[in-house]
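Computed from the coordinates by the stated procedures, all read-outs in this text should not be read as laboratory data. The model shown is predicted, which means the values in this text are computed figures rather than measured ones. Glycine also receives a Cβ, built like all others from the backbone with ideal geometry; neighbour counts cover every protein chain displayed.
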Amino acid sequence: MPQVFENKHVRAVRVFTEGATFDGLLSLTLLGRTLDELNASSRIFLPLESPAVVSGEFPLASSQLAVNKASILFVLELDDPGTGQALPHNSPHARRFARSVLSLRLRGYRIDGHVQVVERGDALGRLNQAGHPFLALTSASVVGPGIEFATPFLAVNRNHVLFGQETFRLRAAMEEALVPETRHTSD
């Protein structure tokens with residue numbers, strides 16, 4: 001659970017860039033989410049308090065680190081991940097949305113996770129929403145150089161997605177998987 005200090009939430013995050021991975025504390029407004037901070041166009045850099053290098057070569061000399069958002073591949077929340085990200089299945093609002101499983105490739109990483117779309121919407125079309133560079137995935141799994149993990153929430157930078165594919169869609173209202181049709185040919 002995020003801690004509250006002077007009208008702000010502080011959330012522990014892990015930030016993956018191509019050259020290094022950092023842990024740190026991200027300050028959010030009381031109503032904000034990690035995704036909102038990442039998609040805020042008013043700031044080019046993501047400020048991390050109490051940063052620590054998880055991997056890569058980068059000497060840290062201060063108590064704050066500013067990471068250029070354009071260099072971020074993806075971000076995961078280390079404390080209470082996914083809070084407030086997904087709609088409850090019994091919510092009337094949830095009935096208008098479906099969840100699609102996307103399989104994405106970013107550099108050496110494979111990321112699979114759920115993305116919410118309007119019931120008849122285009123899940124891959126979510127990759128084209130230029131106004132929001134980061135895409136929220138829930139129930140995500142990541143496999144990459146030296147890492148393999150699952151997390152309830154992951155924010156992926158669309159600018160680093162090399163390609164993606166929708167693997168199936170789950171209708172929220174009916175809890176029904178809609179598997180793509182396959183045609184069989186007979187000889």
Amide H within-cut-off set for VAL54, under 5 Å, with H built and near neighbours excluded: THR21, PHE22, ASP23
When the convex hull of its Cα atoms is projected in every direction, mean area for the stretch 3-77 (nm²): 4.8 nm²
Using θ = phi - 60° and Karplus 6.51 cos²θ - 1.76 cosθ + 1.60, couplings along the stretch 19-29 (whole Hz; Gly, Pro as x): x, 7, 10, 10, 9, x, 9, 9, 7, 10, 5
Neighbour-count ranking [beta-carbon atoms within 10 angstrom, fewest first] of VAL53, VAL13, VAL156, VAL118: VAL118, VAL53, VAL13, VAL156
Built amide H within the under 5 Å cut-off of LEU28, gap 5+: HIS9, VAL10, ARG11
Dipole magnitude of the stretch 3-77, debye to nearest 20 (Cβ charges: Lys/Arg +1, Asp/Glu -1, about Cα centre): 160 debye
Cut-off under 5 Å, modelled amide H: who pairs with LEU78 long-range: ALA12, VAL13, ARG14
The stretch 143-152 - phi-based ³J(HN,Hα) in whole Hz, Karplus 6.51/-1.76/1.60, Gly and Pro as x: 10, x, x, x, 9, 7, 7, 10, 8, x
Note, ³J(HN,Hα) from phi for the stretch 51-65, Karplus 6.51, -1.76, 1.60, rounded to Hz, x at Gly and Pro: x, 9, 7, 8, 8, x, 9, 7, x, 9, 10, 10, 8, 9, 10
